[in-house]
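Structure, as structure tokens:
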Amino acid sequence: MATDYDEVRSDVKESQDRSLEALQSANAPDARSVVSELDEADSLDGSITPGGEFVAEELVVQVIPQAEDEFTCYSCFLVRHRSQIAREKNGHFYCVDCEG
């Protein structure tokens, strides 16, 4: 007797049907409830840390101006010491890391 190896075995087919029925009967959340939960989460994200506590502090950073012996790389935009200049093109400086 010839056997069709491409045909799905009966035990596998029953298993697939049962899993499909289980997925269809599962309590899937409503699309509107998911959207409302996401909106609520977004509204709270502003001042909550991952641990759950509220933070009402502002970050204070002191900005130091570029010194005379420093340059800003035109490729990576980092402030570097003049000893790290690899090349200058059209008045723009490039650092050793970007040219290396």
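Can you give the local net charge around residue 82? Use residues other than it whose beta-carbon is closer than 14 angstrom to its beta-carbon, Lys and Arg +1, Asp and Glu -1.
Computed value for this residue: -2.
Taking 0.36 nm per residue of sequence separation and subtracting the Cα-Cα distance, how much length would be gained by fully extending the chain between residue 13 and residue 97, in nm to one decimal?
Between residue 13 and residue 97, full extension yields 24.3 nm more.
Coordinate-derived values only; no laboratory data. Everything numeric in this text was worked out from a predicted model, so none of it was measured. Note that each Cβ is placed from the backbone with ideal geometry, even for glycine, and that neighbours are counted across all protein chains shown.
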